[in-house]
Amino acid sequence: MIIFVNPRATRPKNRRFPLSLMAIGAALPDTITWCIIDGNRPDVNVLEAVSSCINTQRGGPDPVRAVAFTVMPGPQLVSAVPIAAAVKARHPDVPIVWGGNFPSLYPTSVLNANYVDWVVKGQGEATFGELLDVLDGRRDPTEVDGLAFRKPDGTNWIGPERHWRGPDELPPPPYHKIDVAEYLHPTYLGARSGVYQASIGCPYGCKFCGVISVFGSRERQQSPARTAEHLTYLVRTHGMDSVHFYDNNFFVGEDHARELAERIAPLGIRWWCEARVDALSRFSLDTWQLLRRAGLTMVFCGAESGSDAVLKKMNKKTTTAQIVEVAARARDHGIIPEFSFVFGDPDNPEEEIENTLAFVRKLKDVNPQMELISYFYTPTPQRRGTYGDVDALLGTPTSLEEWVQPEWLAWMTHEDPLVPWLDRRLKSRVEDFELVLKSRFPSVHDHQTRGWGKALGRALARRRWDSGAFADPYALRAVRRWARRTPDDRQAYGHLRPPGTATRN
């Protein structure tokens, strides 16, 4: 028996399929039993559930061989650390395994924790299966690519990177291992929204992104026929009416995009995806129309900056003209664009911020439905240099206990990173601008602000928006605070915001 743990990363109402753990479990031989304990489900005490399973299986024919955690930076890391430590304290003989984005980026910090025995770096399907052979004494751990561990002398072994496989080479998602209905929840897209991932990796080399840090500049896409087959099952068997695609670049080639759209159009679902502006700007008018007919409702694009010079420094390989073009095309086809921007150029943060804020205003003029997603630049370990040529590991914690402190949580979530080039004055400039924008143009995701609050906010923000006076919008803060039905949900990120949850301001 293998216990897979999905530590809490969001509130129960925002939970989505635990796709990463489902993928690892699906790749195991049929002779190995496994279960998922999901901390995002309501009323689940992960520690007690894990401990109960270990105790129940102990002494029987199928004891627990390992407890494996998937861990993303941010709230999930904060949840994972105390649980993993407590499981090891209660059951010191049971191996604890960590995989996912955080241990792939920071394996040394994880291995410095005496309650984590093994780290799976990068794609885990094959590595985890071979780790089980290691645990059974049939394999030397130094021969397993993608595996990291502490050696008997106390030093860390970090194995070579594993050559990873594309989705078509892996088993289909094992939906029978979860209660699908528990994971279909309302979003802006529909009443029963699900999630799906049809590709792995990214072929580009942006110098701030954690995806290529883990996978390199590569992407493998699943065949449109297989994607349509899986979505058809979810729609017809479980009533899913909308989907968020988790792919880092859903559209790489126009032919692939067209085939996929043609195959899923009969399902009648609305969907969200992430795409690059250069790819979308090259699509023909006919392809845009086809995507809209197939249900594309929102598209998330990493715009990142309002300066071509900064985009070049980021190695983004896109231009501001392409961003404007996509905003206009999305407007013409009734598709809502979400543009993310990374604020805080290490060399000249104030100039970069002012350029980008002015550019966002321009985009709003082009497409009033444009949604803004903002981040403060947090350096992430890279393979070929970082944006701003900063040392992404300098000053970062070496222990998990330090990583979960509030200041490092703010670092991981890009909310308030303590970087020397970005002071509170500049951060407030961005935050004040965003509050004015989202008061003047309420987000389609925001159903938590009462109607009177939206109306008053729009009225109060009009003059500020028109004049460009964004500093200290105290009245708008008060309106936002008084008109909220519930407090802001800081664990509802980006496109996973359900109806009733706005982005942070």
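Some points to look at:
- Relative contact order of the chain, pairs being alpha-carbon contacts under 8 Å that are 6 or more residues apart, as %: 12 percent
- GluC sites (Glu not before Pro) restricted to DSSP loop in the range 371-409 with at most 12 other C-beta within 10 Å: none
- Where labels lie 7 Å past Cα in the beta-carbon direction, separation of Ser223 and Glu407 in nm: 5.4 nm
- Rounded to 10°, Cα long-axis angle of helix 424-440 versus longest principal axis of the chain: 70 degrees
- Helical mean residue ellipticity (222 nm; -39500 (n - 2.57) per DSSP H run of 4+; nearest 500) of the chain: -11500 deg cm²/dmol
- In straight-distance terms, cross-link reach from Lys312 covers every one of the lysines whose alpha-carbon lies under 21 Å from its own, apart from those fewer than eight places away in the same chain; here that gives Lys207, Lys362.
- Angle of helix 75-90 to the longest C-alpha principal axis of the chain, folded into 0 to 90 degrees and rounded to 10: 20°.
- Linear extension gain, Ala321 paired with Arg424, 0.36 nm per residue minus alpha-carbon span: 34.0 nm
- Between the range 1-69 and the range 124-182, the alpha-carbon centres lie 16 Å apart.
- A straight Cα-to-Cα reach below 20 Å connects Lys151 with the lysines Lys88, Lys121, residues fewer than 8 places away in its own chain not being considered.
- Rounded tilt (10° steps) of 349-366 against the dominant C-alpha axis of the chain: 70 degrees
- Size of charge dipole - the chain - debye, nearest 20, with Cβ of Lys, Arg +1 and Asp, Glu -1, no other charges: 1720 debye
- Computed label-point distance, nm, for sites Asp255 and Arg331 using a 7 Å Cα→Cβ extension: 3.4 nm
- With contacts taken as Cα pairs under 8 Å at a separation of at least 6 residues, the range 184-422 carries a relative contact order of 17 percent.
Since every read-out is calculated from the coordinates, none of them should be taken as a lab result. Quick caveat: nothing in here was measured; it's all calculated off a predicted structure. Because the Cβ atoms are built from the backbone with ideal geometry, glycine has one as well, and the counts that use them run over all protein chains shown.
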